[in-house]
Amino acid sequence: MEHKIEKIDIEKLESRLIEAIQSSDLSFLQTVLHDDLKFVAPNGLVVTKQMDLESHRNKSMVVESIESTIEDIQLIADTAIVVVVYDTKGVMLGNPIEGRFRYLRIWKRIDGHFKIIAGSSTKI
């Protein structure tokens with residue numbers, strides 16, 4: 001039987017995710033993003049795992065700086081819902097991005113590993 005999800009587990013994953021986003025760590029991102037991921041970007045675009053990985057691979061997404069503040073983690077069975085604010089600066093698809101963004105991210109434990117299955121982001 002798997003151990004109960006603890007908030008500290010999710011906090012560690014969120015911290016590692018920030019590092020992976022900033023460094024374009026494709027290996028970690030490949031592992032942690034679910035194959036059927038759906039993420040709604042601030043411009044309304046629905047992003048898939050393949051699109052996210054490709055943006056790191058071809059350097060169309062470059063994160064110059066990012067700081068995160070976790071506002072809430074809600075644990076429901078094998079799922080965690082995270083609300084986090086990022087202060088970020090960088091380039092996405094050739095367009096500069098800068099500001100504060102609130103993310104909603106859903107982590108689910110699948111076969112003993114946490115995967116991001118869905119999320120969204122809004123500029124605040």
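We did not get these values from a lab; they are worked out from the coordinates using the rules stated. Small disclaimer: the values here were computed from a predicted structure and weren't measured. So basically every Cβ, Gly included, is an ideal-geometry build from the backbone, and we count neighbours across all protein chains shown.
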Rel. contact order, % - alpha carbon contacts under 8 angstrom, at least six apart, the stretch 7-123: 24
Sorted by Cβ neighbour density within 10 Å, fewest at the top, the residues L33, L45: L45, L33
Environment charge of L53, counting only residues whose C-beta is closer than 13 Å and scoring Lys/Arg +1, Asp/Glu -1: -1
Stretch gain in nm, segment A118-I66, where the contour uses 0.36 nm per residue and the Cα spacing is subtracted: 16.7 nm
Among [x] 1.48; [y] 1.01; [z] 1.09, the entry derived from the coordinates for Cα Rg over 2.2 N^0.38 Å: [y]
Magnitude of the charge dipole, the chain, Cβ model with Lys/Arg +1 and Asp/Glu -1, debye to 20: 240
Under 13 Å, Cβ to Cβ, from F101 - net charge with Lys/Arg +1 and Asp/Glu -1: +1
Entries of K7/K89; K59/K123; K4/K108; K7/K123; K12/K115; K12/K38 with Cα pairs more than 20 Å apart: K7/K89; K59/K123; K7/K123; K12/K38
